[in-house]
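One structure below.
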């Protein structure tokens, strides 16, 4: 048992030292540096220090536990929907996951050894720590995807209004998307970066339809999918884009109003449980406490 603790502790310390060394000593990617010198918003590689360190630790760890092509594609799609556009994001995610699977049981075993816990308890807690290390990154990723989809959904109405104004002012669809992306830079940064990527894909030679479909895949929002399908259909059949977007914006506002009304109707039902659990017992105690004290005094007198 002591040998296993020493081996796991040494492995964790070695991985930590290697991570710090690669984070501080490895030079920046040339492509990333050039993109940052042109415009920081065009950078596709995430500059978060934790993500950068995980990417540099990921390669040796993924050789030990490889990831299939199908699973890698699914994971990359989920990371795109969470806002991580780096091509090494899936590898970094796996590195964080594997590191937690190793680190948490090591911490549990070390603590149990120092506190002289029973062996069976140590094994159970180690398995729970490994399971937590496996599922915790997935839960955090799902939460980030949900939050980002909500931000994109609430910012879509402003985007449609600006797009209608830009198209009716005489701009083409590509120029209108570029203009709308610039206007959304501070208010809705998620939509700003997504529209910037659409403009970049169109500039490098991809078709407009393919770039818009990629937008729908990256966001994963149903309203964006419907909006992209509307733009593609209007562009394909030559109908008025401004009129189509205006109709879609009106339907989106109606949908948002109905959703708000639905949430307000659910609020009454949701308030029943906290009222029953916290407020009613206090009210009953305040009302019945004097009568209970009087009864106690009466029985004592008898």
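The values are calculated or read from the model by the stated rules, or taken from the named source; none is laboratory data. Here the structure is a predicted model, which is why all the values come from computation and not from measurement. Heads up, the Cβs are rebuilt from the backbone with ideal geometry, glycines too, and the neighbour counts pull from every protein chain shown.
Worth pointing out:
- Single condition residue 100 does not satisfy, out of (1) surrounded by fewer than 18 Cβ atoms within 10 Å (Cβ to Cβ); (2) within 30 Å of residue 193 (Cβ to Cβ): (1)
- For the criterion of being closer than 28 Å to residue 190 by Cβ, modelled with pLDDT under 85, part of a helix (DSSP H, G or I) and not assigned by TED's automatic domain parsing to the domain that holds residue 218, residue 103 fails.
To keep it simple, each residue is scored yes or no on (1) surrounded by 14 or more Cβ atoms within 10 Å (Cβ to Cβ); (2) closer than 27 Å to residue 148 by Cα; (3) at pLDDT below 85.
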site: 213; (1), (2), (3): yes, yes, no
site: 230; (1), (2), (3): yes, yes, no
site: 253; (1), (2), (3): no, yes, yes
site: 277; (1), (2), (3): no, no, yes
site: 281; (1), (2), (3): no, no, yes
site: 295; (1), (2), (3): no, no, yes
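- Within the range 55-85, considering residues that are within 20 Å of residue 99 (Cα to Cα) and not in a helix (DSSP H, G or I), the one modelled with the highest pLDDT: 84
- Set side by side, the residues 261, 217, 196 differ, and just one is part of a helix (DSSP H, G or I), in the same structural domain as residue 165 (by TED's automatic domain parsing) and either at pLDDT below 85 or surrounded by fewer than 17 Cβ atoms within 10 Å (Cβ to Cβ) (or both), which is 217.
- The single condition among (1) modelled with pLDDT of 80 or more; (2) surrounded by fewer than 20 Cβ atoms within 10 Å (Cβ to Cβ); (3) over 25 Å from residue 149 (Cβ atoms) that residue 116 does not meet is (1).
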